[in-house]
Every structure is written in C-alpha cells, then in structure tokens.
Amino acid sequence: MSFFGLIRKVIFSLIVLAIVSYGWGLYAQQQPRGLTPPPKPTGTNSAEAPAGPAPSDGAPFVVGERLAFNVSWSTFPTAARIEMEVADRGLFFGHESYQIRAKVETLGEIRSLFGDLDQQYNSYVNLKTGLPHRLVASVRQGQTQVEQITTFDQPKKQATFSDESSVTLPGDTYDIASLIYGLRLRGVAEGQHMTLTAIYGKELIEVDAEVKGRERIQTQAGAYSTLCVKLTPKGKLSKYKARVWLSDDAQRLPVLVIAKLPFGEPRAELASVSVSIRPTAPLARMDLPNDESGSFSAPLPPGGRGVVPPNGAAGLAPNSTGTAITPDPKEPKEKTPERNLPFIVGERLIYDIAWGNFASVGKASFEVRRQGMLGQTRVFEFFGEASNTGVARSLITVSDQMSSYVSVDSLIPVRTDIRLREGKRFKQTTANYDWNSNKALLSSGTQTDLQPGTLDLLSLFYFVRAADLKIGAAFNSVFLDANHRPQMVVVRVAKQETINSAIGSKDALQLDILAPDPAKLLLAQVWISNDARRLPLYLVTRTRFGEIRFQLSNAINTK
C-alpha cells in the first residue's frame, strides 16, 4: 500500500475518534510521551468567539469566511451544493496571496438521476486584485476524474497547464473560483461596465459585465440590499448568461447567482455565512496521565431491530448514495426527537486536519442530515466526509464519504454506505445490519458477525456524544472500522479543563481513548464541550506516520 493510501485510511478513521483504522499494529507505535493537547485560553475567557475580525487591507472578506449556497433547478429544490471559503493567507508558491477554496457537488435526486458530480478548486490569488497565480482543479463525474494544475504568469500574459501546454492571455485573467472574489475586491458601482476574462479548463472566456440597479434580495441567509451584475460571455458562449447579486455593503457578499443555460436556469442562493477564527495560542506537550483509577466497564447498548430495504426500495428524497428514506410521521415540527440528544437535524461540524508539523492537510465534516423511516425503522441519517487540501491535494486527491442510518431510539446502525476515493481509485461498500441474526451483510456478498450494540464509525462519534459523560466514568464500545472489521476501545472521562477553540474558550471534558485489557494503551484523546451540545472540539492521535490533530473550525445549526 502506498504512503498516501495509508494516510487516506488514517484521515478517514480519524473523523470519528481517530482510532484503529490500521488495526492493532497502531499499539506497537505508542510512545511513552504524551499527545499534543488543545490550545489553552490566554487572557480573559469568553463564552463565545466574536463574529469575526474586521477585514484587513480594505478587503471585503477575512480568512476563515465560509459561504454555503443551495442550488435549485427546475422542480428540484436541492439539486447541488456550493461552498466557497477563504482558507488562508500567506506566502504560496512565491507569492503573497489568499488561498480560495470552492466546491460544487450534486445532491439527492439529481445525483441519482444525472450522475455524481464533484468539482473542487484551490485558487491562490493576489491580495489586492484577486487575480490568480495558481489553480489546482479536480473535476470528477461518476468514475471519471480529471485533475489539472494551471500556473498563471499575469505580467507575461501566459497560463501553463499540467501537460506543459499553454495559452496566451488577452489581459488580466481570472479562473472560475477567483472571479467572484475579484469582483468583491475591486468593487462595483451602479451603471459600471467592464470586460472580464476567465479561464475554464483550457478555454478562455471573455465576459461583458454590466452593473444594473439595486434590488432587495431575500435568501435563506437573510435579506440583503444588492447590486445586480449581469454577465454576458462573448462569441460562441453568448447564450450562456448569468446574473450575480452582490450585497451593497462592505462585504460585497454574492447572495444570489442565476445562470441561463440551454437546459434551464439553475439558481444558487446563499444559505449560510460563517467565519472560523483560528486560535493563536501555541500548542504544548503533555505527559500521559498515570491515574488509572475509576475505570469500569459499562454495559453495551441493546441491538436495534428493523428491516432495511434493498437499493431502489420505494421512498422519498434519496441522498448522494441513492438511499431513500420516507418522512417520519412521529417527527416533531422542530425536528427534535423525544430523547434529550446533544444534536439536532441540520447540525454540521467542520474540522481542520493537521499532521505532524503541517498546520493544514485536510478538512473533515459531520452532519445530521435528516430524520425519517428506513423500512420499518425510524432513523437519523448521519453523514461524514474527509478530504485532503492545499499542497497535499496537488500530489493526490483523497475524498472519503460515509452515510450511516441509525435507530433514533438507540443510535445503533441499520445501514452504512462508505465511499472511498484516492486519486483515480474508487471503492463503494454498503453494509445492512440484521440484528435478528447479529450479522452485517455487505454488498460484496460477504458478512460479518456482530456483537449486540455494535456501532459503525459515524454512529460511534454521535453515540459517545450522547453518552452520560461523568468524570471517572468509562465504557467499552465495539464498532466496525472502514473495512468492516470489529474493533473495541475503552472510552474514559479523565477530567474537565478550559481550552481555546474557534468558537471561544470552552469548558471541556477530556476523553481518553484506550486499547482494551490488558494493554490499556492510550490511542487518542478527545475534548468535548461540557454543555448540552457536547461538541467535540479537538481530537488527537498518534500514528506510525506522526501525530494527527482535528480542530473544530465551525459549528453550524447546533442545538
């Protein structure tokens, strides 16, 4: 297995407590020194972080700004999702610049009917103009994936591609990811007219941009006073028109985009705006705890019951894997189940991944997508994904996704869908759980024996949050890893302390993740907010390739 293949497995397993993806070989790598703890607060503690720092250098955005858009088309209210993020600012490839990330993916019925589309862009742009000097693009449709690096030499009017071919630029040229940020940086005024050039793939597109009048636009993220910018490509692409509404304020947010295409008018509406503030406190070292008192074995939860229909069973609203669940007639209007769980439908947690001395090598997110019926079982759909970013992505693209359908009453899984992608390699596996016979039936035709109450990786993440976490308590958890092999760990609540996080200074419970008897080796540590939301703020583990850390960067729609 390649080095990057091992890293991919580590990243995917770590998104849910960062443990045991490689099996018990990890134990032999345990060193006597401790893991890196989370940053501690400095100065006055604050219950919540401020909304965000003021834009510097007159820029209308700050590092950490994240915009999410819902894309509707025809009769499909949720056809795709777009995310745009100002990921970093610094010296990249010899240029002082912003790192802009953009991601477009199809969802639900569109993904099932018309194909799995996933486009990701990393653009490195000038601080003042937004003009790019480097673009890393990964475009995947179904089993086909194309990756390309474009290097821009704006002064010499030339763009060079991965295959060493090049094109001459007619003037200042944007890429698709940087075009919106270029408009935001340069600003627009009513009645203004300009000509812009953008590059898509290897094709140059010249666009007339005309700023129309002011309009009041209502979006999912709120109401905005805006200026409408009408974009009209020249030449053979003149039939592809678009309008962009930018907020008429200091931020110049793109709040709505409507494109006129031969197959209809997709509409991208701003759904959320958030800012992730990076803690500046230095990371320190700590010793392993020596106190082994207070550990006891808690009983495992009972196994769930239910019948899981095969792919293609009747239902509503299939997700990205094509699985359909029907509306839950018992679901309250506020989408909060009867149990006092620390999460609600719609919650989304986003993490920055650091590895060794590299501050950012990837992103991970967890989402409580919906609640409904899968067969005869009332379920939540949990969704998690992890991918590498930045320089790591320029070497190889790693993008892993997992959906877990769990009983609302017990959080025990009834179905798990796993999609692993590394470069051009793709693997998809489905596990249906038969709790009458205590077996997991895999789409490959094989099966795995289960202990009652066995979890999968995602349900483990939420099960631990929902547990009764009292200092000194400990309980065993059995779960299936990404290869559907049963593993067991001991989760021990070690202590409470205050740590720094992107959402402010928080009182947190430190959980030690241990190997079972007789080793009792420390595999990982997790700090969970000591409040009703039980947010995992910081996760850390050590692997044979070095220490990997997960830092919560944003929490959306929490309880």
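The values are calculated or read from the model by the stated rules, or taken from the named source; none is laboratory data. Because the structure is predicted, anything quoted here is derived from the model rather than measured. Note that each Cβ is placed from the backbone with ideal geometry, even for glycine, and that neighbours are counted across all protein chains shown. Please note that ligands, DNA and RNA were not included when accessible areas were found on the heavy atoms of the full protein model with its side chains. Shrake-Rupley method; radii C 1.70, N 1.55, O 1.52, S 1.80 Å.
Couple of notes before you dig in:
- With every protein chain in place and a 1.4 angstrom probe, the accessible-area ranking of Arg140, Arg544, Arg369, largest first, reads Arg544, Arg369, Arg140.
- Shape call, the stretch 103-193: gyration tensor on alpha carbons, a/c limit 1.5: oblate
- Positive-pole candidate from Phe463, Trp435, Thr498, dipole of the stretch 401-559, charges at beta carbon: Thr498
- Computed lengthening from Asp517 to Ile556, 0.36 nm per intervening residue step minus Cα-Cα distance: 10.2 nm
- Amide hydrogen neighbours beyond the local backbone of Lys495, cut-off 5 Å, H modeled: Gln510
- Peptides 97-103, 410-416 ordered by packing proxy, namely the average of other Cβ atoms within 10 Å per residue, highest first: 410-416, 97-103.
- Computed from backbone phi, the HN-Hα couplings of the stretch 537-547 come to 8, 7, 10, 8, 8, 10, 10, 5, 9, x, 7 Hz, rounded to whole numbers (Karplus: 6.51 cos²θ - 1.76 cosθ + 1.60, θ = phi - 60°; Gly and Pro given as x).
- For the stretch 500-537, trypsin sites (Lys or Arg not before Pro) are listed when DSSP marks them as loop and at most 13 other Cβ atoms sit within 10 Å of their Cβ; the list is Lys520.
- If the segment from Thr75 to Gln447 were pulled out straight at 0.36 nm per residue, it would be longer than the present Cα-Cα gap by 129.9 nm.
- Charged-residue dipole, Cβ positions (Lys, Arg, Asp, Glu), the stretch 101-217 about Cα centre, Debye nearest 20: 480 debye
- The stretch 455-554 - percent of accessible surface contributed by carbon and sulfur, probe 1.4 Å: 50 percent
- Hz values of 3J(HN,Hα) by residue in the stretch 182-196 - Karplus curve (6.51, -1.76, 1.60), Gly and Pro given as x: x, 5, 5, 6, 7, x, 9, 9, 4, x, 5, 10, 8, 10, 10
- Between Val146 and Ile258, the FRET efficiency from the beta-carbon distance, with R0 = 30 Å, is close to 0.65.
- Accessible surface of the stretch 68-186 [probe 1.4 Å, protein heavy atoms]: carbon and sulfur percent: 54 percent
- Cβ charges +1 (Lys, Arg) and -1 (Asp, Glu), total dipole of the stretch 205-253, debye: 260 debye
- Which of His193, His484 is most accessible, then next, and so on - probe 1.4 Å: His193, His484
- Net length gained if the chain between Asp468 and Gln154 were fully extended (0.36 nm per residue, minus Cα distance): 107.2 nm
- Phi to ³J(HN,Hα) by Karplus 6.51 cos²θ - 1.76 cosθ + 1.60 over the stretch 474-480, Hz, x for Gly, Pro: 8, 8, 8, 10, 9, 8, 9
- Packing, as the average of other Cβ atoms within 10 Å across residues, places the peptides 163-172, 254-263 in the order 254-263, 163-172, highest first.
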